[in-house]
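Structure, as structure tokens:
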Amino acid sequence: MSEDQRDSVAELAHRIDSTKMGSTQETKLFRTLAVALNDRTALEAMLTDPDSASYKAGLISLAQAIKIYAWIGRDDQVLMISLQSVANRIKALLTQETLV
């Protein structure tokens, strides 16, 4: 991962953290993050309705991509913290959805 990519992903993660959970803006940022992490599966699934099972599958795919990129960038503490915060957000969204 290039330094520019790391900065971009870290910035997206920060923006996701500062966005209201479940908002349209959050969905757009997740899609942008999927593009930044080159996760076509997540992007295609996230083009559906946020309440659909397909969208939830996209979140899971994005979480898996985050895990891979966190491993690749494990020497960059800022990136690791940023990716962890997004992973926690995704987990909260998925948990919240299953409880409803």
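The values are calculated or read from the model by the stated rules, or taken from the named source; none is laboratory data. In this text, all values refer to a predicted model and were calculated from it rather than measured experimentally. Note that each Cβ is placed from the backbone with ideal geometry, even for glycine, and that neighbours are counted across all protein chains shown. Surface accessibility is based on the protein's heavy atoms, side chains included, excluding ligands, DNA and RNA. Shrake-Rupley method; radii C 1.70, N 1.55, O 1.52, S 1.80 Å.
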The residue that is nearest to D4 (Cα to Cα), considering only those in region 34-49 that are open to solvent by 60 Å² or more (accessible area, probe 1.4 Å) and not β-branched (V, I, T), is N38
The number of residues in region 11-68 that are among the hydroxyl-bearing types (S, T, Y) and touching a helix residue (DSSP H, G or I) at 6+ places or on another chain (Cβ under 7 Å) is 7
Going through region 50-66 in order, the residues found to be among the charged types (D, E, K, R) and loosely packed, with under 13 Cβ neighbours inside 10 Å are D51
Looking across region 1-25 at residues that are without any contact (Cβ under 8 Å) to a residue 24 or more places away in the chain and in a helix (DSSP H, G or I), the single one that is surrounded by the most Cβ atoms within 10 Å (Cβ to Cβ) is R15
Of the candidates L93, L62, L79, the one satisfying the condition of being in contact with a Phe, Trp or Tyr (Cβ under 7 Å, 6 or more places away or on another chain) and in a helix (DSSP H, G or I) is L62
Pairs returned, first residue in region 88-100 that is loosely packed, with under 10 Cβ neighbours inside 10 Å, second residue that is modelled with pLDDT under 90, beta-carbon separation under 9 angstrom, 6 or more apart or interchain, are none
